[in-house]
Amino acid sequence: MATVTTTPAVTTRRHRIPTCVECGTRQNPCHVKVIGPTLGFVAFAIAAAVEWPVGAIMYPFRRIKGRRMIGHPMRVVYPRVSNAIPF
């Protein structure tokens, strides 16, 4: 089972760039994924910024559709982007 942690991987003089790290994966020889989960999180945040307000507006009128729209970034966007990049 893979575990996902968020750590500052790259340190510059003043700023740390947060990255997502997934350890224990069998998709590459190092058994660690960094780029896929980080880009997956960025795609999740962008999709959530659009879909959560629209889902919240839609929820009072069509509850099931609103719930699906609010959960879409977590259920669909993050896993697809994260799994598409094997490192």
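The values are calculated or read from the model by the stated rules, or taken from the named source; none is laboratory data. In this text the structure is predicted, and so the values were computed from the model without any measurement. Neighbour counts are summed over all protein chains in view; Cβ atoms, including those assigned to glycine, are modelled from backbone coordinates with ideal geometry.
Applying a threshold of 9 Å to beta carbon distances and a minimum spacing of six or more residues, or different chains, the list of pairs starting in the stretch 62-87 at a residue that is farther than 9 Å from Gly36 by Cα and ending at one that is modelled with pLDDT of 90 or more and not in a helix (DSSP H, G or I) reads Lys65/Tyr59; Gly66/Tyr59; Gly66/Pro60; Arg67/Tyr59; Met69/Tyr59; Ile70/Tyr59. Looking only at residues in the stretch 69-86 that are over 10 Å from the mean Cα position of the chain (by Cα) and small (Gly, Ala, Ser), which one is surrounded by the fewest Cβ atoms within 10 Å (Cβ to Cβ)? Of everything passing the filter in the stretch 69-86, Ala84 is surrounded by the fewest Cβ atoms within 10 Å (Cβ to Cβ).
Thr3 passes every criterion in (1) at pLDDT below 75; (2) surrounded by 12 or more Cβ atoms within 10 Å (Cβ to Cβ); (3) polar (S, T, N, Q) apart from (2). Scanning the stretch 54-68 for residues that are exposed (fewer than 12 other Cβ atoms within 10 Å of the Cβ) and either under 19 Å from the mean Cα position of the chain (by Cα) or assigned to a helix (DSSP H, G or I) (or both) yields Ile57, Arg63, Ile64.
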